[in-house]
Structures are given as structure tokens and as C-alpha cells.
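S.K.: My structure is below; once you've seen it, I'll send some questions.
The values are calculated or read from the model by the stated rules, or taken from the named source; none is laboratory data. Model, not experiment: these values are computed from the prediction. Methodologically, a virtual Cβ is constructed for each residue, glycine included, from the backbone with ideal geometry; neighbour enumeration extends over all protein chains shown.
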Amino acid sequence: MIVAETRISLSITRTDNGGWRVEILQESEPLARMERDGAALQPLRAALEAWTQARRMAERGDAQMAHNALTAVGVELRAAFLGEAALRIDALLAAESTVLLGVGTTDPESLSWPWETLADANGAPLSRNPQVKFRRLATGVKETARCCITLPNGPLRALLCAVDADPVSAPQRHIAAEQLFFQTAGAARGERYLEACERADLSDLKSRINRMQPQLLHLSAPVKRDESGAALLGLAADDASGLRFVDAHTLNQDALQSSGVRGIILSGATARDESHAPEGALLELGAQLSALGAPLVVVLPWDGGDKRSRAFLTALYGKLIGGSGVDAAVRAARDAVCSADWAAPALFASAVGDGLYNVSDAAPRVRPEFDQAAYPPPPGVILPIPAPFFGRRRQLGPLLARMRHGGLQVLLLTGVEGLGKSALTARMAWSLSQEGLEPMVVKGSPANPISVHRVIEAVAQKLLDKGFDEEFAILDSPDLDLSKRLEFVVGLINQRLPLALVLDGLDYGMDGDSRHFLSPAMAALYEMLITRISGRSRLLLSSRCAPVLKSGAKPASTFLHEALEEPEDSAFYKRACRHDGLMRRINASDLSWDDIEALRQLQIASFAPAPLILGWADSQPAESLRAVCQQALSVDQVSLDLSGPLTPGMDPSGQILSQAVLADLSPEDRQLLATWALARTPMDVASLNAMCDESRDLSDAELELWRESGWVCEAGSGPEGAALWMLEPFLRDALNASDTLAADLRQSVHAKLAEMTLQWVGSERASAYGHTWFDLLFEARGHAHGAGDASKFLELSDSLASALLRHGHVDEALRLNNESRRLTNHPLPLLRMGRIFLETGRPEEAQRWFELALKEGRERAEPGIEGEALQALASLKMAAQDIGGAAHLLGDALELMREAQDSSGQAAILNQLAAIELHQGDRASAIGRLEQSERLWKKARNYPARAATLHQLGMLALEDDERDIAMKHLEKALQFYRLAGAEQELAMLLPQLAALYYQRGNTEAAREYYEEALPMLELGPFEQQRSYTLHQLGAIDLGDGKLDDAEPRLLEALKLKQRLEDRRGEAAALFQLARLAKERDKMEEAMQLVGVCYRIDQQLGSPDADEELRIYLEFAQFLEIAQDEAEQLMAQQWGEYLHDRGHALLKKAFPQRKTIPIQLSPS
């Protein structure tokens, strides 16, 4: 992502005690966290009340008082809610950085506060500073997105819908004012910018939006709150009887969703009574529409005909039409409101950056209208296979295998027309798409050559189809120059879009003589693709000639240029001439050379291996042979529709041939081959016999005969040197497309294959096949589905999705669970998808999946699913600070888990209930829950979870000063963490146990645990724990007289504590170093270290400071230094310490030992 500014986000939520909790993020890192009670906000409330009174007086002409009151509100908001972040913002602005400042709140009271007045250090509003992009965040959103939503080129189109609370009188005055402005702005170009309607119901509004496709929608309508306090917007009723008030969800679902509207302006029409008071309800509606996906919402709490509205909107629209960014336009509009009410309009923005739409004619059109004249469609999507077209079966198999295993990622096919380049790339793309890659084809022609523009459009459309809105916005951003845009496209293909990308006909965009691309941009894209492609994507290129790269550019090692030539017929004919049976029949005039030529064409059409065709042909009467050839060749065609059956053996000609071949086999052989066709990994004879469960055992000799017949092929050797075999792909695909096996037998074979494949996971056999454990696990999952074992299928799906998530492949994990849902119709994948959305920061989407899982769990009477769904929904309520609601749901979930006899589920819920009770201060009940949970984890044999529960029980006992109980729990947790190999948890527990032993005087046990923890703490984010462990080990070494061991540990501990800004720890480390210096008879340095330690603790208000001062003065007395001189020395040393963090003092106290090299004389 391109970062052009510093993002700071404030999230303000109401606490249970009536105060406010403030969380401030810089980018995604916490910057500050505060809580403000009601008393702390009294100055702010007083300023708000004064502002309200001043606004009433301003209506009578006293504008200065209102301005002063508004400034006071901004200063109080800064003092109450910015805290330490205020200094950070001031520093950024002083450094001339751009700040993207967002404020989000879910509380109706704080939502109505004028956050736009939030002040800088000089009391000036931050929202009016050109360096600040100020916006309110959607409800529940903590981050301000910085992506730019860029629309196709102008003009800016706006739809104004004005509804009055009185159905008789529509507010014609502000419609006329805005129409006049728009007509004036667009007169020079003769473009129509605005359409206005006086009254519209939801259906009419949607129809107008669809017809006009506005980028901006202005709704000027009355608002009110219903009995529950929800904000509603008034539109015309369907029957024209009056007004129909709708909430934000209804408005979004029935009129705005997927409409293309990017910006919404809400203003309140004239109210006739208090129930229609617009200000608070309008702000709430704006926040809700923003949360539902509107990239931009501007709220104006004035009637559309008010002079303040006219001034604000005239400036806003004028700036937008002129190409200004949204933030600059809103800032200019605020400046145009000549009163203290400039702060009233609110900008809610979740995905709007510098621009609302493209004003540059050079900007790429992501959604262009299809121009038949400029871009004629290809001549046909079905290519017949005439005699000159030659099959590429021999190339297809090896190339596909290399692409599947990653040894080949970019394939360039070249050759003259008619050799099958397009058909081969289409077949390969289809095969790859069956394995999870997304097919994408860009086909060149003389009238429409492949260009960068077309590739970007195709990628952008894929992003939209898959819901990658953020990536789409970046790709469409006008801030990207051409090189950055191309780099971003290649990055998407490598990381976010696993594509089987076909660029068919590159040569139409090249100079035929020089073989250079006519477009420099296309040359740059081609070079990037063949030199930088990585990840899962595969690139298939075809051209009559290979493009020439600029000097110095080298394709990646996974690039292959395959020059296709007309396949020699001699190999086929030589094999036919060596076939004794066919030659005898030709000599006897039973067959003719025309029949051999027909067989050659049949091989080309069906992609079947020559031995299989020739062996089958010799077994057929001449008339039957000719009939099959004629039938197969009459239907032969290659489809470029990648969703069609393109695998050899599944297309019409392949099916006709395969059925003819299988018809002559014995039922036993046909069943054995059909059974083997279900396996997709190589197998040795022993495994094959175990899978097929035949009464007779196959032998290597029999398999060799099958190989000569073209039915099987050898695939290397296994771990013990045994030959590995695979069914010939043509025959395997043909058998999979037919119903040769009975359903029960097919399920039985799939079950055996699932078990066998799982046994190979992690074994030497996997590496011998060139497969990863993930490939084999995926294979086993497919067999579990074929066996009808839904439980095993879902278990393996869950394992695969977890592995994908661990490696950051979120979309692939969602796709896998979605497929599992489709194949099993089970609600468990719904829960897994909800978990994924929750873990990736999308709680609203997660909630929808959890609720759907809950509904289906109830319908299917599956208490385990229902309980897990309630548990997940409870987690969402806890995140929203609804502790009571969460506890209620968890209680229901616990009963359901008991009904389902799910020990792990019960234990997990008990842990959550314990966390809630600890939060509420009910320790006894929480400890009881945790003890129950520990017993259930024991029953479920879940060692990591049991260890974590014991760990928590130990820490609670330690807080209650029950050290024997704490030691018992922590020692047991240690055993289970070790059993589970949980190094991160061990790194946290070992220092805690060591501290217990140290407090009991058992320094040897403490040393052992500290030293065991130390290497683990070096591997993770445990700097705080590592500094503590080093400090403790140094103190133990010091007490045992191991001064040389103590020195490096204490010095490193001090360095870590300084970096962590742990002042108390820093003072403690300095005190231990003073002890060490004293033991080495460096009394002056020891005194100076104690003096620095005293100054730090004095600043912190530590009770240790008095004792440290006493020790310091004792050192001075020992060194015969007067007290006033000692105090001067302390001040001097403290200044030096602040300057160099003690570097000079430590170097003096603990000089680095030098090694003197010794030269040995030659003997």
C-alpha cells in the first residue's frame, strides 16, 4: 500500500461507570489509552453549554461570542481526549507532515459534539489546517482507511432528492439554487451535472440512481427518532399518502447497495415539530451509512434552503467539479460558512482519500463501456480442428506436471498459426483452474491487440468480483504512475490473486521484423511478468514469435520458452509398422493405409497415447474401427470456454474412443482400472493391491504389459526403490467421466485412499513423489468427500484452512470453507468462515456468518454447532463491551455443549465465563470455573489448553498470596507446556516459577529455570521478560560470587530496560551494577551508580529512593567526600547520564577486556 500520510485514529466508547474510554492508534500501533470519568469532563460540558447559549445569541448578531465559545470547545476536546497524542500530532505538523486524523464514537452524546473544532497547540481547529485530513469514522471502526476511490472520468453527476415534512410544499427554493449553480458550472462544456426530484419513494429513488448513475446523492429530508431511539429518514410513501420513515439499513439495502453512489450528502429539511429535530439523528444516520459501506457521507444539520447550506454546498460542489480532493473541498466549504456554525457539517469517510473521481483524461478506465467498433469480439470461441491442427498431448502432460509442482510458472509457446498454441494454453488453464487457480484470458487480435490497458482492466475486474475493494482502489488511484501501477499488478498476481493467466496472441502487438512490442508499456509489463512472477499464479503466453527483451534482462528460472513445431508423423507410423498384428491385416487387405492415417487423426483429436490406440485398433473388426474413427473425428473441437470439459478423455472424441477401448476389456480388468482411476498419486504394486482389494495380486510384469498397451505409465521409484505407477492420464480422466464403478464400491475405494494418503503425510514417501504434506492432505480431503465421510472431510478442511491462514492466505481459506459448505451443506464451515472474518478484523461480517450457523444448528438440532455459534457471538459482545449480554449467551452455550457432551467446548466456555467474572471482581466464582475447565481439558486430552488454564490458576493463587497452591499449579502447567512443545508459553511461565523459587531461597532451582527460559525469550517478542530474566540471573550470580557471569547479564539487562523505557527496572539494574562495582573495589564508580539510581527513583516517587540516598552518603563518607561536594558530584553525574545514558560511567566501571594476540614461534 502506498503511504502518503500518517494515520492517527481516536476511538471513543462509553464505559459502564458513565465515563469514556479513549484508544488512540498511530497507523495500527497503540499510541495512547485513557479513561475519562464525568468529573474530568466538567470543563468540556461547561464549554459545550456556553457554545449552545452563544449560538442563540449569534442569531441576534453577536457572532464573536459564538466564535470564542467554539474555540473553547476545541481546546477542551484536545485536553480531554488527545492526551499524549496531542504532542505527537503537533510534532508531525511542525515537521510539515500530512496527518490523516479520524475520530470514531458509538455514543450518541459524544457523536453530537463538534469534533471538527478539535484544537492544535495554538487553539486553532485541526480540521481547517491544510496539513490535516479530518474525518469522522464509521460506527465501530477504529482505523481511517487511506485508499483513494477513483471513478471513471467526469463530469461529476449529482442527484438531489428533496422531501419536505409537509407533503404539500416541497422546498423548491434550494432545488432552484443548486440547479442554477450546476447549470452555470457545466455550461461551458454543455454537460448536465444535476438532476433533482421533489419527492421520491425508495423504488423511485433506486430507479433514478440506476438511470443517472450519479457519483453524489444529496438527500434533503426530515428526520426523527422512533420509540426505541433509532434515527429514521423520511421519504415519500409508496402510495403518495405522506412520508415513510426508514432506517439506514433499509435505505442502503433498497436503494444504495451496489448502486455506484460514492458520496452521500444528508441535510435536514424544515421541521414542523420536535420529533423531526434533525441534528443528532442526522449525525447518527451519517455514521450508520458510513459503516454500511458509503465511502463518503457529509452531514449538514440545516435546511437545504438555509443560507449556510447554500454557501457550504456551492463551495463544496465547485471544488469537487474543479478536481479538488474531498478533504480540500470540505475545508473550503467550511471556510465559506461565514459564522461559528462552520463546525456543524460532519464528514464521515471510511475509504476516501485525495479524490472523489478522475479528472485526468489519461486516467485508466476501470469500467469502460464496450465499444464494438474499436474492440470487435474474437472471430469465434470454438475452434474446429481441421487436418492441419496437431494435438499436443505429449507436451500437455509434462508441462502441466511442472506447473503443478512450481518448477514452471511462466510458459511461452511460439510457432506458426494452426499448431495448437491457443488450444494447449486453454487446456492447461482449465486444468489449473480445477486446482484452485482463477482463470483469466486476454486474447489478442489484429483489431484489438493485447495492451497494458486491457490487462489492468481484466485484473481490476477480478478484484471487484472477489471483493478486494481496497486493492481495486489502489490500482485505480491517479497517484500511481505507470511503472508503479505495473509493479502493483505484478504484486497482486504474485500475492493476492492466484491466477491461471492466459495472454493469447502477444504478436499482434509486436513489430514483426524486430519482434519488439509497439507499446513501451507492454514491453515493460511483459518483462516484469517473466522476470518477477512468483507465488501460486501461473502465466501462459502464446505468440507466433518470441518477444525480444531489452539487453541485460533475464527471465526467471521458472520461465520456459517452448517453440512448437509440426509434430513428426514418423514416430507414429514407425510404431504402427512395428505392430505385427496391424501389418498382417494390411498385407491381408483387411485394413488399408487410409485406416492408419485415420488412427493418426484419432490420436491427434483424442490426445490418447499411440500404444493404446494401436493395440485397440488391432482388436477391432475393420468396419467397427472405421465407424469409431468417423464418429470421434466428427465431433472433435477445442473450446476456449475455460468452464467446459477440456481434459483429454472427457471431451466428446476422447469419450467415444475410451468407451470403445473399455468395451473390449474383461469386467475384472475394467473394474480394476476404474478403481485405480480414483487415485491421483503414483502407487507401488503393494499399495495398488491394497487399494483395489483384488483376489489376485498384480505383478510388475503385468504392469509392464499394461505400460506397453498404453494404459499405465511409470512414475519413478518409491523410498525403498519400488517402481511407482500411474494410470495413463487419458484413460484416468475418461474413466472418471464414466459410471464404471458402483456407488458403494467407489465410496469404499475413496475411503481406503483417504486412509493411505494420510499415512503418507510427513513420510519419506511424500518427498519421493515431489509432494508436500499440504498436497497430500488436500488429496486425502478429496477422497474423504468421495467416501461420503463428512466428518473426516470437514476435519481435513479445517486443518487445511488453518494452514492457509498461518501463511496469510485468507481468501484461499475462505474459499476452501465455502467449498466445504457447498459440498456438505453442513453449518460447521459457516462457523469457520466467521472465525476467519473475526480474526482478520471484520466483526460485522463475522457476526452474519455466526448468526447463520446458529440458525442452521437449531434447524438441524445440533447442539454442538449451536453452542459454538453462541460462544462466538458472545465474543463479539465482549469486544463491544456488552459483558452482560456475553455472559447470557455463554450460559446458554454451556448448556448446549453439555447436551452435546463436548468437553472441549464446555471448557472453552468456562474459561470465557471466568474471564468475565474476573472482570466483574468475582474471583471465587472465576477460580471455580477455571478448576472445572481444567478437569474438562484433562478429559478432552487437550494438553496446551489444560496447561494454559493451570497457568492462569497459578497466577491467581499467587495474587492471593497462596504460594504453595500457585507452585503446584505452575509446576503442573510446566509439564504440559513441555509435553505440547509450547515454547512461547514456556518462555512466559519459567521466569514466573523461577521467581517463586528465588523468593523461597532456592536459588539453584531459580537459576535453572531462568537459564532454561533465556534462549526461548531470545526467539520471540519478549524483551520485557528477557530483561527481567537477565537481571535476576545477574543478581543470583552476584550473590554466589560469580562476578564475571553477573557483569554481562546485568549490562544487557540495563540496555534492554533503557530501550523499553522501563525506568524502575533501569534503576534496579543500576543498583545491582553498583553492588558489582563495590565487590570489585571500585567504590567511586559504585557511589556514582547509586547516585544515578537515586535520581531515577526520586523522579518516580519510589520509596527505595531514601535508602539509596543513605547508601550514597555512606559511600561519600567512606571516600572522605563532604556532603555538599557529594551532592554536586551527583548532579554532575546525573547530567552526564542523561546525555549518554551512562555509557561513559559504565565503560569506566566495567572496562572491556582486551585480548592480546600471542604469536607462536614456528617449531
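S.K.: R923 - would you say it is crowded, with 17+ Cβ neighbours inside 10 Å, among the basic types (K, R) and either closer than 17 Å to L990 by Cα or out of contact with any Phe, Trp or Tyr (no Cβ under 6 Å at 6 or more places or on another chain) (or both)? Step through it out loud before you land on a result.
M.R.: Numbers: crowded, with 17+ Cβ neighbours inside 10 Å: no; among the basic types (K, R): yes; either closer than 17 Å to L990 by Cα or out of contact with any Phe, Trp or Tyr (no Cβ under 6 Å at 6 or more places or on another chain) (or both): yes.
No; evaluated as a whole, the condition is false for this residue.
S.K.: Moving on to the next point. Pick from A608, A576, A563, A523: which is touching a Ser or Thr at 6+ places or on another chain (Cβ under 7 Å) and in contact (Cβ under 8 Å) with a residue 12 or more places away in the chain? First the steps, then the outcome.
M.R.: Values: A608 fails: touching a Ser or Thr at 6+ places or on another chain (Cβ under 7 Å); A576 fails: touching a Ser or Thr at 6+ places or on another chain (Cβ under 7 Å); A523 fails: touching a Ser or Thr at 6+ places or on another chain (Cβ under 7 Å).
Sole residue among the options that is touching a Ser or Thr at 6+ places or on another chain (Cβ under 7 Å) and in contact (Cβ under 8 Å) with a residue 12 or more places away in the chain: A563.
S.K.: For residues that are among the acidic types (D, E) and modelled with pLDDT of 85 or more, scanning just the range 769-818, find the one that is surrounded by the fewest Cβ atoms within 10 Å (Cβ to Cβ).
M.R.: E795
S.K.: Let me ask you something else. Evaluate the range 72-95: report whether one residue or more is β-branched (V, I, T), in a helix (DSSP H, G or I), more than 16 Å from S9 (Cβ to Cβ) and under 42 Å from the mean Cα position of the chain (by Cα). Explain how you work it out, then say what you get.
M.R.: Going residue by residue through the range 72-95, those that are β-branched (V, I, T) are 73, 75, 89.
Right, trim to in a helix (DSSP H, G or I) and you get 73, 75, 89.
The next check asks that each one be more than 16 Å from S9 (Cβ to Cβ); those that pass are 73, 75.
Those left that are additionally under 42 Å from the mean Cα position of the chain (by Cα): 73, 75.
Within the range 72-95, one or more residues are β-branched (V, I, T), in a helix (DSSP H, G or I), more than 16 Å from S9 (Cβ to Cβ) and under 42 Å from the mean Cα position of the chain (by Cα).
S.K.: Something else now. Look at the range 35-47 and say how many of its residues are surrounded by fewer than 17 Cβ atoms within 10 Å (Cβ to Cβ) and not in a helix (DSSP H, G or I). So that I can check it myself, show each step before the final result.
M.R.: As a first pass, look at the range 35-47 and keep what is surrounded by fewer than 17 Cβ atoms within 10 Å (Cβ to Cβ): 35, 37-40, 42-43, 45-46.
Right, trim to not in a helix (DSSP H, G or I) and you get 35, 37-38.
Going through the range 35-47 one residue at a time, the tally reaches 3.
S.K.: Here's something else I'd like to know. Just need a number here: residues in the range 425-442 that are buried (at least 21 other Cβ atoms within 10 Å of the Cβ) and out of contact with any Ser or Thr (no Cβ under 8 Å at 6 or more places or on another chain).
M.R.: Of the residues in that region, 4 qualify.
S.K.: Any chance you could count how many residues in the range 50-82 are β-branched (V, I, T) and modelled with pLDDT under 80? Full working, then the answer.
M.R.: So the first thing to find is which residues in the range 50-82 are β-branched (V, I, T), and the list is 52, 71, 73, 75.
From the residues that got through so far, the ones that are modelled with pLDDT under 80 too are 52.
Number satisfying all stated conditions: 1.
S.K.: Has the range 1087-1101 got any residue that is out of contact with any Gly (no Cβ under 7 Å at 6 or more places or on another chain) and outside any helix (DSSP H, G or I)? Step through it out loud before you land on a result.
M.R.: Pass one, the range 1087-1101, residues out of contact with any Gly (no Cβ under 7 Å at 6 or more places or on another chain): 1087-1091, 1093-1101.
Filter once more, so that each one left must be outside any helix (DSSP H, G or I): 1101.
Yes, the range 1087-1101 contains a residue that is out of contact with any Gly (no Cβ under 7 Å at 6 or more places or on another chain) and outside any helix (DSSP H, G or I).
S.K.: Return the pair list, or none, for Cβ contacts closer than 8 Å from residues in the range 433-461 that are farther than 13 Å from G509 by Cα to residues that are part of a helix (DSSP H, G or I) and hydroxyl-bearing (S, T, Y), at least 6 apart or on different chains.
M.R.: P439/S433
S.K.: Looking at the range 482-497, can you tell me whether even one residue there is among the hydroxyl-bearing types (S, T, Y) and closer than 14 Å to P449 by Cα?
M.R.: Kept after step one, since they are among the hydroxyl-bearing types (S, T, Y), are these residues of the range 482-497: 483.
Checking which are closer than 14 Å to P449 by Cα leaves us with none.
Within the range 482-497, not a single residue is among the hydroxyl-bearing types (S, T, Y) and closer than 14 Å to P449 by Cα.
S.K.: Run down S557, S534, S483, S477 and say which single residue is without any contact (Cβ under 8 Å) to a residue 60 or more places away in the chain and assigned to a loop (DSSP other than H, G, I, E, B). Don't jump to the end; show me each part of the working.
M.R.: Values: S534 fails: without any contact (Cβ under 8 Å) to a residue 60 or more places away in the chain; S483 fails: assigned to a loop (DSSP other than H, G, I, E, B); S477 fails: without any contact (Cβ under 8 Å) to a residue 60 or more places away in the chain.
On inspection, the qualifying residue turns out to be S557.
S.K.: Next question, about the same structure. Search the range 1018-1052 for residues being aliphatic (A, V, I, L, M) and in contact (Cβ under 8 Å) with a residue 40 or more places away in the chain, and hand back the single one that is surrounded by the most Cβ atoms within 10 Å (Cβ to Cβ). Before you say what the answer is, go through the steps one by one.
M.R.: We begin by selecting, within the range 1018-1052, every residue aliphatic (A, V, I, L, M); these are 1019, 1030, 1033, 1035-1036, 1038, 1043, 1046, 1050-1051.
Pick out the ones that are also in contact (Cβ under 8 Å) with a residue 40 or more places away in the chain and you get 1038, 1051.
On the way: L1038: 20, L1051: 18.
Applying the filter and picking the extreme gives L1038.
S.K.: Report the residue count in the range 944-993 for those that are part of a helix (DSSP H, G or I), farther than 21 Å from A1005 by Cβ and within 34 Å of the chain's Cα centre (by Cα).
M.R.: 8
S.K.: Quick one: L540 ticks every box in (1) loosely packed, with under 15 Cβ neighbours inside 10 Å; (2) in a strand (DSSP E or B) except a single one, so which number is it?
M.R.: Condition (1) is where L540 drops out.
S.K.: Next question. Looking only at the range 506-522, decide whether some residue is out of contact with any strand residue (DSSP E or B) (no Cβ under 7 Å at 6 or more places or on another chain), of a type in the set (G, A, S), closer than 23 Å to T840 by Cα and part of a helix (DSSP H, G or I).
M.R.: Initial filter on the range 506-522 (out of contact with any strand residue (DSSP E or B) (no Cβ under 7 Å at 6 or more places or on another chain)): 508, 511-515, 519-522.
If we keep only those that are of a type in the set (G, A, S) too, we end up with 512, 514, 519, 521.
After this cut, where a residue has to be closer than 23 Å to T840 by Cα as well, the list is none.
No, the range 506-522 has no match at all.
S.K.: Next question. Do you know which of the residues in the range 83-108 that are at pLDDT 80 or above and charged (D, E, K, R) is nearest to A343 (Cα to Cα)?
M.R.: Selected residue: D90.
S.K.: Next up: In the range 14-34, what count of residues is obtained for those that are under 30 Å from S97 (Cβ atoms) and in a loop (DSSP other than H, G, I, E, B)?
M.R.: Qualifying residue count for the region: 2.
S.K.: When R935 is evaluated against the numbered criteria (1) touching a helix residue (DSSP H, G or I) at 6+ places or on another chain (Cβ under 9 Å); (2) under 24 Å from M878 (Cα atoms), which criterion, by number, is the only one it fails?
M.R.: (2)
S.K.: How about the range 944-981: which of its residues are of a type in the set (F, W, Y) and surrounded by fewer than 21 Cβ atoms within 10 Å (Cβ to Cβ)?
M.R.: Step one: filter the range 944-981 for residues of a type in the set (F, W, Y), giving 976-977.
None - no residue of the range 944-981 is of a type in the set (F, W, Y) and surrounded by fewer than 21 Cβ atoms within 10 Å (Cβ to Cβ), so the list stays empty.
S.K.: If Q1117 satisfies all but one of (1) within 56 Å of the chain's Cα centre (by Cα); (2) surrounded by fewer than 16 Cβ atoms within 10 Å (Cβ to Cβ); (3) of a type outside the set (V, I, T), what's the number of the condition it fails?
M.R.: All conditions are met except number (1).
S.K.: Looking at K1055, is it closer than 21 Å to R1110 by Cα and surrounded by fewer than 22 Cβ atoms within 10 Å (Cβ to Cβ)?
M.R.: Answer is no for this residue.
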